[in-house]
Amino acid sequence: MSGILYLVATPIGNLEDITLRALRILKEVDIIAAEDTRQTLKLLNHYEIKKPLVSYHRHNEEIRKLHLIEKLKENKNIALVSDAGTPVICDPGEEIVKEAIKEKIKIVPIPGACAFVNALISSGFNTKEFSFYGFLSLNKKLRKQQLEKIKNETKTSILYEAPHKLKQTLQDLEKILENRQIVIARELTKIHEEFLRGSVGQILEIYPEPKGEHIILIQANEERKENTEEQRSIEEQYQYYEKQGLTKNEIIKKIAKDRGVTKNEIYQMFL
Ligand code: SAM
């Protein structure tokens, strides 16, 4: 029998934001695998938890992953934690989860704080449909493609950014977003928690030297969304008449009449 891989959410700043279950699991497991052992040690000391702690980060993930899988196969229970918040979101945890699934090892998530969820619920933007980008790529070509996608995104976009790169990212966004509204969720759950709302230009003006941890949320491209919805509804209308056995010309004529527009306008929409 193998042990269990627990994915344990830890606080994103305020040490009180940890669940009773997470504390119990951290006390019960055999090993805690942490992205940054010094950071996790602060949390463990605060809650007087003493456990073997091993590092699992981007630079040792290949070797450590195999080592941890071996331990799980030896029936040891492991808690995976990240620097802050929910593990596996934008950290190397994804690899060990994939490997554990391959090896048929049981995975148990222990829910708790997640930075982007708290930023999203406080943003006032659409929470039903959103695209989480994590960190933008540093590769110029990929970054350009991502920025283009964000420009046309019909859902709320969510980005993580390292403090020292925030200004550059905001400047890149300013070029594509014009007056679209954004929200910067800063230092969530910490003393200097705040939300900055406005266009990128306005935010850069009032907040030229970013400090601390940030999440950038970008409002959906509403204009494009309306067009897409309009397009979708015309297509549905088209299919409705098609099922009644009408020809293409007849359908266009019907739709134009239903909508009180010319046939040509409907043709243009299809194009
Ligand atoms: N696993 C984490 C989660 O639950 O979302 C995120 C880890 S990711 C490597 C780190 C990024 O999350 C930071 O660069 C920042 O964008 C965001 N972040 C983490 N804590 C934050 C906080 N307290 N306030 C604002 N952003 C935070």
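The values are calculated or read from the model by the stated rules, or taken from the named source; none is laboratory data. All of these numbers come straight from a predicted model, not from anything done at the bench. Here Cβ is always computed from backbone atoms with ideal geometry, including for glycine, and neighbour counts include all displayed protein chains. Note: areas computed on protein heavy atoms with side chains; ligands, DNA, RNA excluded. Shrake-Rupley method; radii C 1.70, N 1.55, O 1.52, S 1.80 Å.
Using Cα atoms only, what is the angle between the long axis of helix 166-177 and the major principal axis of the chain, expressed in degrees (0 to 90) to the nearest 10? Value to nearest ten degrees: 10.
Once the chain from GLN231 to HIS164 is taken as fully extended at 0.36 nm per residue, the excess over their C-alpha distance is 20.0 nm. When you restrict to C-alpha pairs under 8 Å that are six or more residues apart and normalise by the size of the chain, the relative contact order lands at 18 percent.
Think of the stretch 4-113 as having a plus end and a minus end, set by charges on the Cβ of Lys, Arg, Asp and Glu; of ASN75, PRO92, LEU5, ASN75 sits farthest toward the positive end of this dipole.
Just tell me which aspartates and glutamates come within less than 17 Å, Cα to Cα, of LYS211; anything on the same chain fewer than 8 places away is out. The qualifying aspartates and glutamates are GLU161, GLU187, GLU193, GLU194.
Spin-label model, GLU265/ASP83: points 7 Å from Cα along the beta carbon direction are separated by 5.3 nm. Residues whose amide H falls under 5 Å from that of PHE135, counting only those 5 or more places apart or on a different chain, are TYR160, with hydrogens built in the peptide plane.
Of the residues ASN227, ALA33, ILE251, the one whose Cα sits farthest toward the positive end of the charge dipole of the chain, with +1 on the Cβ of Lys and Arg and -1 on the Cβ of Asp and Glu, is ILE251.
Here the stretch 116-220 is treated with +1 on each Lys and Arg Cβ and -1 on each Asp and Glu Cβ, and its dipole about the Cα centre works out to around 400 debye. About the centre of its Cα atoms, the stretch 1-159 shows a dipole size close to 320 debye [charges on the beta carbon of Lys, Arg (+1) and Asp, Glu (-1) only; nearest 20 debye]. Each residue of the stretch 68-77 was assigned a 3J(HN,Hα) from its phi angle through the Karplus curve 6.51 cos²θ - 1.76 cosθ + 1.60 (θ = phi - 60°); the sequence is 5, 5, 4, 4, 4, 5, 7, 6, 8, 8 Hz, with glycine and proline shown as x.
Straight-line reach only, C-alpha to C-alpha below 27 angstrom: list the lysines that LYS248 could link to, leaving out same-chain residues fewer than 8 apart. Counting by Cα, and skipping residues close in sequence, LYS248 has these lysines nearby: LYS225, LYS257, LYS263.
Extension gain for ALA256-LYS102 works out to 50.0 nm (0.36 nm per residue, less the C-alpha to C-alpha distance). Per atom type, the stretch 4-113 shows carbon and sulfur on 51% of its accessible surface, probed at 1.4 Å. Simple spin-label model, 7 Å along Cα-to-Cβ: ASN126 to HIS67 in nm? Between ASN126 and HIS67, the simple spin-label model gives 4.6 nm. In the complete set of protein chains, residue-level accessible area for LYS248 is approximately 130 Å², probe 1.4 angstrom.
Taking GLU148, GLU235, GLU62 as the candidate residues, the one with maximal mean-square fluctuation in a Gaussian network model of the chain, Cα springs under 10 Å, is GLU235.
Summed over qualifying helices (DSSP H, 4 residues or more, each -39500 (n - 2.57)) and divided by its residue number, the chain shows a 222 nm mean residue ellipticity of -14000 deg cm²/dmol.
Straight-line reach from LYS106: taking Cα to Cα under 19 Å and skipping same-chain neighbours fewer than 8 places apart, the aspartates and glutamates in range are GLU28, ASP30, GLU70, GLU74, GLU94, GLU95. Given axes a ≥ b ≥ c from the Cα gyration tensor, I'd like to know whether the stretch 224-269 is rounded (a/c under 1.5), prolate (a/b larger than b/c) or oblate. Because a/c hits 1.5 or more and a/b fails to exceed b/c, the stretch 224-269 counts as oblate. The dipole here belongs to the chain: it is taken about the Cα centre, uses +1 on the Cβ of Lys and Arg and -1 on the Cβ of Asp and Glu, and is about 540 debye.
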